[in-house]
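To start, the structure under review is shown below, and the notes come after it.
Every number in this text was worked out from the coordinates using simple rules, so none of it is lab data. Keep in mind the model is a prediction, meaning the values are calculated, not measured. Positions of Cβ are generated from backbone atoms using ideal geometry, with glycine treated the same way; all protein chains shown enter the neighbour counts.
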Amino acid sequence: MGYYVIAHDGNRYGPADIETLQQWVREGRIAPNTTLEDEYTGTQIRANLLPELSHLFPTAPPPPSGVVSQPPPMPRSAGTPSGEATAALIFGILGLICCPVFSIASLILGKQEMNRIDQGLSAVEGRGLAQAGYILGIVALAIWGILLALWIAGIGAVFRSIPQPSPMP
């Protein structure tokens, strides 16, 4: 069974299994009043009310009645960008200046890494690199496509400009 983590800004991360959620609690990425949503039923519950997580939170007295508290923002991971995010950017640059095959690689790596970040499987610090690689891949493929079309048109123009031999009488 998995749960989505609902951040204070409404973004959903996951789904994550119980072991991953427990690790996130230990890392401080999930607070006691963080909202979790069951991936199958859509039922929402506060993290400290989930039996598998409740023992990981320190017990504190309940807030005074009448006080409405907002859940704290989801902390960003302290990780570094993954190798895939960096590779997406490098391949995007190479695809732009060298070879369209690198552009295809940057598209694939960039999209896969952005999906992993959205699922909470990679550090969010890599989003910019992955997104830049993905966009560079698109731009490079468009430029290579235009250059190919111009090259084909140029070859056609050269062949049309060659004088044809006249038939013998």
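Details
- Flag if Gly95 is touching a strand residue (DSSP E or B) at 6+ places or on another chain (Cβ under 7 Å) and in contact (Cβ under 8 Å) with a residue 24 or more places away in the chain: no
- Hey, Thr35 touching a residue at least 60 places away in the same chain (Cβ under 8 Å), surrounded by 14 or more Cβ atoms within 10 Å (Cβ to Cβ) and not hydrophobic (A, V, I, L, M, F, W, C) or not: no
- Residue pairs meeting the criteria (Cβ under 8 Å; at least 6 apart or on separate chains; first basic (Lys, Arg), in the range 103-130; second assigned to a loop (DSSP other than H, G, I, E, B) and crowded, with 21+ Cβ neighbours inside 10 Å): Arg116/Ser122
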